[in-house]
1. How many of the residues in the range 77-111 are at pLDDT 80 or above and open to solvent by less than 90 Å² (accessible area, probe 1.4 Å)?
2. Has the range 29-42 got any residue that is under 28 Å from residue 142 (Cβ atoms) and of a type in the set (Ser, Thr, Tyr)?
3. What is the number of the single condition among (1) surrounded by 15 or more Cβ atoms within 10 Å (Cβ to Cβ); (2) free of Cβ contacts under 8 Å to residues at least 12 places away in the same chain that residue 2 does not meet?
4. Helices (runs of 4 or more DSSP H) wholly in the range 1-111 with at least 1 residues that are in contact with a Ser or Thr (Cβ under 7 Å, 6 or more places away or on another chain) - which ones?
5. Of the residues 26, 11, 19, only one is open to solvent by 100 Å² or more (accessible area, probe 1.4 Å) and not hydroxyl-bearing (Ser, Thr, Tyr); which?
6. May I ask you to verify whether residue 34 is surrounded by fewer than 13 Cβ atoms within 10 Å (Cβ to Cβ) and over 29 Å from residue 148 (Cα atoms)?
7. Pairs needed: first member in the range 138-163, under 20 Å from residue 61 (Cα atoms); second member anywhere, open to solvent by 80 Å² or more (accessible area, probe 1.4 Å) and not aliphatic (A, V, I, L, M); C-beta distance under 7 Å; at least 6 residues apart or different chains.
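The values are calculated or read from the model by the stated rules, or taken from the named source; none is laboratory data. All of these numbers come straight from a predicted model, not from anything done at the bench. Heads up, the Cβs are rebuilt from the backbone with ideal geometry, glycines too, and the neighbour counts pull from every protein chain shown. With ligands, DNA and RNA removed, areas are computed over all heavy atoms of the protein, side chains included. Shrake-Rupley method; radii C 1.70, N 1.55, O 1.52, S 1.80 Å.
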Amino acid sequence: MTEFISFFKTLTPTGYLFLILTVITLFSAIGVVTARNPIYSVLALIATFFCLSGHYILLNAQFLAAVNIIVYAGAIMVLFLFTIMFLNLRQDDEESKTNLTKMASVVVGGLLMVMLITIFRAKSAQVPTYSATAFNPKTGLVENLGNLLYNDYILPFELASVLFLVAMVGAVMLGKREAGDRHF
């Protein structure tokens, strides 16, 4: 308990801001999953994106923070809201989940929790201390991000592009109406 109190005494204002953003992010992410109303779920997801943008700013990645707010919290959430309102989801139309689905979700969630606890308890996962000599003020610039993305991480970047392309084609195929379908 004394280590816990001494940890909070040694924090800087940036550390307190990080902890506050983390708590808000966790609660809003839980709200995304547990909200019964899809509109509330989307609003909680927007709060999660804003908190993640705050984390990006603390990491000196201002470009990623701006892109996260503009693209995800702006465009994607408008698309989600439009889709939810277009589908007009009702409780009586929703089918109940089977017991097998519920059990599978509990098992997968439990495994994820055990895995996260194991990762966070590992000795190698210690948070590094701040060093003024190791700090690079050009860390979050677009130029450095582009060099890193297109040199060291080109394969994951291209795989993500293919994944997004497949998702878009799948969305178009699912959204395509047949000749006898009802128009809203």
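1. So the first thing to find is which residues in the range 77-111 are at pLDDT 80 or above, and the list is 99-111.
Imposing the further condition that a residue be open to solvent by less than 90 Å² (accessible area, probe 1.4 Å) reduces the set to 101, 104-105, 107, 109-110.
Of the residues in the range 77-111, 6 are at pLDDT 80 or above and open to solvent by less than 90 Å² (accessible area, probe 1.4 Å).
2. Step one: filter the range 29-42 for residues under 28 Å from residue 142 (Cβ atoms), giving 29.
Narrowing further to those that are of a type in the set (Ser, Thr, Tyr): none.
Checked the range 29-42: no residue is under 28 Å from residue 142 (Cβ atoms) and of a type in the set (Ser, Thr, Tyr).
3. The number of the failed condition is (1).
4. Working: elements: 2-9, 13-34, 38-58, 62-67, 77-87.
It comes to 13-34, 38-58, 62-67.
5. Working: 11 fails: open to solvent by 100 Å² or more (accessible area, probe 1.4 Å); 19 fails: open to solvent by 100 Å² or more (accessible area, probe 1.4 Å).
Being open to solvent by 100 Å² or more (accessible area, probe 1.4 Å) and not hydroxyl-bearing (Ser, Thr, Tyr) holds for just one of 26, 11, 19, which is 26.
6. Values: surrounded by fewer than 13 Cβ atoms within 10 Å (Cβ to Cβ): yes; over 29 Å from residue 148 (Cα atoms): yes.
So residue 34 passes the test.
7. 140/62; 140/63; 142/63; 144/138; 145/63
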